[in-house]
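K.L.:
Mind looking over this structure? Questions follow.
Derivation of every value follows stated rules applied to the coordinates shown; laboratory data play no part. Note that this is a predicted model, so its numbers are computed, not measured. In this analysis, Cβ positions are derived from the backbone assuming ideal geometry, glycine residues included, and neighbour counts consider all displayed protein chains.
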Amino acid sequence: MAETEFVTHRQWDSYAKRIERRNLRQFGRSLTFTGIACRANSYIVEIRSEGMIVRPGWRAAMQTEDEGASSP
């Protein structure tokens, strides 16, 4: 497995938006896609104009359960 990977800004945002929509369908509520993306900020190694260098695991970090979705 690679130590890092390149992700465009569009890929990063699109992935977070997909998780947001999935949470809304499943739970009826969700963090915003920006809040979801912030979960993985610690995985960013370097930000460039065309994208980011990130460590493996950023996708899993975004997918962590939305605490607000499970509470009444």
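K.L.:
Angle check, please: helix 9-27 long axis (alpha carbons) against the longest principal axis of the chain (alpha carbons), in degrees 0 to 90, nearest 10.
P.N.:
20 degrees
K.L.:
Show me the trypsin sites (Lys or Arg not before Pro) within the range 17-48 that DSSP assigns to loop and that have at most 14 other Cβ atoms within 10 Å of their Cβ.
P.N.:
ARG29
K.L.:
Per DSSP H run of at least 4 residues, take -39500 (n - 2.57); add these up for the chain, divide by its residues and hand me the 222 nm value, nearest 500 deg cm²/dmol.
P.N.:
Rounded to the nearest 500, the figure is -13500 deg cm²/dmol.
K.L.:
Taking a ≥ b ≥ c as the square roots of the Cα gyration tensor eigenvalues, with a/c under 1.5 meaning rounded and otherwise prolate when a/b beats b/c, else oblate, which class fits the chain?
P.N.:
prolate
K.L.:
Pick from SER49, SER30, SER14: which is most flexible by mean-square fluctuation in a GNM of the chain where alpha carbon atoms under 10 Å apart are linked?
P.N.:
Among SER49, SER30, SER14, the largest GNM mean-square fluctuation belongs to SER49.
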